[in-house]
Amino acid sequence: MTGKRTLVLVAAIALVAALTLSGCASEGARISQGEATIVLKSNPTTGFDWYYTVDNEGIVLLVKDEYKTDNPNLIGSGGMHTWIFQGVQEGTVKLTFKYYRSWEGESSAIDTREYTIVVGENGKIESVAENK
């Protein structure tokens, strides 16, 4: 009976861990309350960070740039980096995010993501999508 209880306990712990991790924010792009939100996994404790460039200035405005760790009690824990953009004027803009260590330079990026944001004539964001 002891082996069966141990197995049930291990299964329960695994289930709780899986449910906890599945509740974490996920990467991607979406429109929320008229703003474009882009979320990417990050771990600045490794020295890596996301840096982005905009190909068409003046179309969107960055209103929030925030990193949240997945577990503040665990040193070195990764997390999610969130950027929120508002539309300023009609047009299309491409945002290119690169994940690299600042002292190694942009050419050392280990990950690159591109997103296109379309802003309508009223300054409202109409779409945001990852370019794959």
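The values are calculated or read from the model by the stated rules, or taken from the named source; none is laboratory data. All figures in this text were calculated on a predicted structure; none of them were measured in a lab. Positions of Cβ are backbone-derived with ideal geometry, glycine not excepted, and every protein chain shown enters the neighbour counts.
Taking the criterion of being free of Cβ contacts under 8 Å to residues at least 40 places away in the same chain and of a type in the set (S, T, N, Q), the residues of region 93-111 that qualify are Ser107, Ser108.
Give me the residue from region 61-85 that is polar (S, T, N, Q) and in a strand (DSSP E or B) and, out of that set, modelled with the highest pLDDT. Of everything passing the filter in region 61-85, Thr82 is modelled with the highest pLDDT.
Listed by first and then second residue, the pairs with beta-carbon distance under 7 Å, at least 6 apart or on different chains, first residue in region 53-69 and farther than 12 Å from Leu40 by Cα and in contact (Cβ under 8 Å) with a residue 12 or more places away in the chain, second outside any strand (DSSP E or B) and of a type outside the set (Gly, Ala, Ser), are Gly58/Val88; Gly58/Gln89; Ile59/Val88; Ile59/Gln89; Val60/Val88; Leu61/Val88. Please go through region 79-107 and pick out each residue that is under 14 Å from Thr46 (Cα atoms) and surrounded by fewer than 17 Cβ atoms within 10 Å (Cβ to Cβ). Arg101, Ser102, Trp103, Glu104, listed by residue number.
Would a scan of region 15-30 turn up a residue that is among the basic types (Lys, Arg), surrounded by 11 or more Cβ atoms within 10 Å (Cβ to Cβ) and either modelled with pLDDT under 95 or farther than 21 Å from Gly123 by Cβ (or both)? No, region 15-30 contains no residue that is among the basic types (Lys, Arg), surrounded by 11 or more Cβ atoms within 10 Å (Cβ to Cβ) and either modelled with pLDDT under 95 or farther than 21 Å from Gly123 by Cβ (or both). Filtering region 108-128 to residues that are surrounded by 15 or more Cβ atoms within 10 Å (Cβ to Cβ) and not in a loop (DSSP other than H, G, I, E, B) leaves Arg113, Glu114, Tyr115, Thr116, Ile117, Val118, Val119, Ile125, Glu126, Val128. Among the residues of region 47-75, the one identified as of a type in the set (Val, Ile, Thr), touching a Gly at 6+ places or on another chain (Cβ under 8 Å) and under 23 Å from Trp103 (Cβ atoms) is Thr69. Does at least one position in region 62-70 carry a residue that is among the polar types (S, T, N, Q) and over 15 Å from Arg30 (Cα atoms)? Within region 62-70, one or more residues are among the polar types (S, T, N, Q) and over 15 Å from Arg30 (Cα atoms).
Can you confirm whether Thr53 is out of contact with any Pro (no Cβ under 8 Å at 6 or more places or on another chain), modelled with pLDDT under 95 and either among the polar types (S, T, N, Q) or closer than 30 Å to Ile125 by Cβ (or both)? The answer is no for Thr53. Of the residues that make up region 96-103, is at least one within 29 Å of Phe48 (Cβ to Cβ), charged (D, E, K, R) and in a strand (DSSP E or B)? Among the residues of region 96-103, at least one is within 29 Å of Phe48 (Cβ to Cβ), charged (D, E, K, R) and in a strand (DSSP E or B), which makes the answer yes. For region 86-95, the set of residues classified as charged (D, E, K, R) and part of a strand (DSSP E or B) consists of Lys94 only.
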